[in-house]
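The structure appears below as structure tokens.
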Amino acid sequence: MDDHQALASFAALSQETRLAIVRTLVVAGPEGLAAGAIAERMGVSPSNVSFHLKELERSGLISQRRESRSIVYSASYDTLADLVTFLMEDCCAGHAGIRGTVERSTGCRPSEA
């Protein structure tokens, strides 16, 4: 990931609703969610969520596909992983212990209830 792509990703994530959408789609998994379901979960109008989805798709953080009459959105896990890698690329001023802590904390794990 280059600086331009990272900046576009961070710009997209710097808005509360868009960050919530990405987090919701990450939890939803590769199956994703229909736009209407996202709007309902976010508590915003379909036109409002459409605006945010467009910005997130433009940044590459989410993707869409058509399923019958619905547009289903999914997190772009590869792009999200690239963003985390970009942040950690020059990690930790030579302190291997810090980077090890970060690497152990990554990955999917069940949420604690």
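Here are a few things to note about the model shown:
Every residue, every condition in (1) among the polar types (S, T, N, Q); (2) out of contact with any Phe, Trp or Tyr (no Cβ under 7 Å at 6 or more places or on another chain); (3) at pLDDT below 95, yes or no:
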residue	(1), (2), (3)
PHE10	no, yes, no
VAL26	no, yes, no
SER68	yes, yes, yes
SER76	yes, yes, no
ASP82	no, yes, yes
HIS95	no, yes, yes
SER111	yes, yes, yes
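- Residues satisfying the stated conditions in the stretch 27-49, i.e. of a type outside the set (Asp, Glu) and not in a helix (DSSP H, G or I): GLY29, PRO30, GLY32, LEU33, ALA34, GLY43, VAL44, SER45
For (1) touching a residue at least 24 places away in the same chain (Cβ under 8 Å); (2) surrounded by 18 or more Cβ atoms within 10 Å (Cβ to Cβ), each residue gets a yes or a no:
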| position | (1), (2) |
| --- | --- |
| GLY43 | no, no |
| VAL49 | yes, yes |
| ARG58 | yes, no |
| ARG65 | yes, no |
| SER68 | no, no |
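- Sub-6 Å Cβ pairs linking a first residue in the stretch 15-41 that is closer than 14 Å to ARG65 by Cβ to a second residue that is hydroxyl-bearing (Ser, Thr, Tyr) and surrounded by fewer than 16 Cβ atoms within 10 Å (Cβ to Cβ), at least 6 apart or interchain, are ALA34/SER70, ordered by first then second residue.
- Within the stretch 1-26, the residues that satisfy the criterion of being within 15 Å of THR79 (Cα to Cα) and outside any helix (DSSP H, G or I) are MET1, ASP2.
The values are calculated or read from the model by the stated rules, or taken from the named source; none is laboratory data. In this text the structure is predicted, and so the values were computed from the model without any measurement. Neighbour counts are summed over all protein chains in view; Cβ atoms, including those assigned to glycine, are modelled from backbone coordinates with ideal geometry.
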